[in-house]
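Student: Got a structure for you, written out below as structure tokens; questions coming shortly.
Every number in this text was worked out from the coordinates using simple rules, so none of it is lab data. Just so you know, these numbers come straight off a predicted model, no measurement behind them. Neighbour counts run over all protein chains shown; Cβ positions are idealised from the backbone, glycine included.
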Amino acid sequence: MSTFVSPKSSEELPKDIWMVRPCEIYREEYNDCSGFKGRFQQHYVFGQSQDCGKWKEDYENCIKFRNNNKSLDALNCIIKNERERREIRLRNAKRNDIWEYRTKPPEEWTSTLPGWDEQHENSLLSQAEKVRERQGQAATSSSEKNSSCAIL
């Protein structure tokens, strides 16, 4: 038996309702998944076809939620599938041992790139700065000189 939400009881909606996508997205995902290009990509990446039934189920539940007086059962099914997708995505990202996660930026984050000054000494920006220096309009401090922010 479905649970229905009236406009008066919208406070009872699940807190994870933000995870629900527009219904058209679920239909597009299902069509992409079950189409020829999607099947070819799945075969290439996974070696076999993937189950696209969850996308179709989510589309149907989204339409039920949209049209049938806000069915909470349909909404909860969508949220459950979205949580599973999110869990898989995060698990795979955490298992990735190629990249090292940082806790802070590198120490030399703000330093200039090696060789950059030599490569760009004849650039328009460099020439404009030389003209400003000749005219006495040079930046007064080194922090202003190294600043890349311009307010026009």
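Student: Determine, for each peptide in 80-89, 118-127, the mean count of other beta carbons within 10 angstrom over its residues, then list the peptides with the highest first.
Tutor: The most tightly packed comes first, giving 80-89, 118-127.
Student: Next question, about the same structure. On full extension of the chain, what length is gained from residue 96 through residue 11, given 0.36 nm per residue of separation minus the C-alpha to C-alpha distance?
Tutor: Stretched fully, the residue 96-residue 11 segment lengthens by 26.7 nm.
Student: Could you calculate the contour length gain from residue 113 to residue 18, that is, 0.36 nm times the residue separation minus the distance between their Cα atoms, to one decimal place in nm?
Tutor: 30.0 nm
Student: Roughly what % of Cα-Cα distances in the range 20-95 sit above 15 Å, to the whole percent?
Tutor: Value for the range 20-95: 60 percent of Cα pairs lie more than 15 Å apart.
Student: Let me ask something additional. Roughly what would the spin-label model give for residue 51 and residue 63, points 7 Å off Cα along C-beta, in nm?
Tutor: Simple spin-label model gives 2.2 nm for this pair.
Student: Would you kindly state how much longer the chain becomes between residue 128 and residue 36 on full extension, computed as 0.36 nm times their sequence separation minus their alpha carbon distance, in nm to one decimal?
Tutor: 27.6 nm
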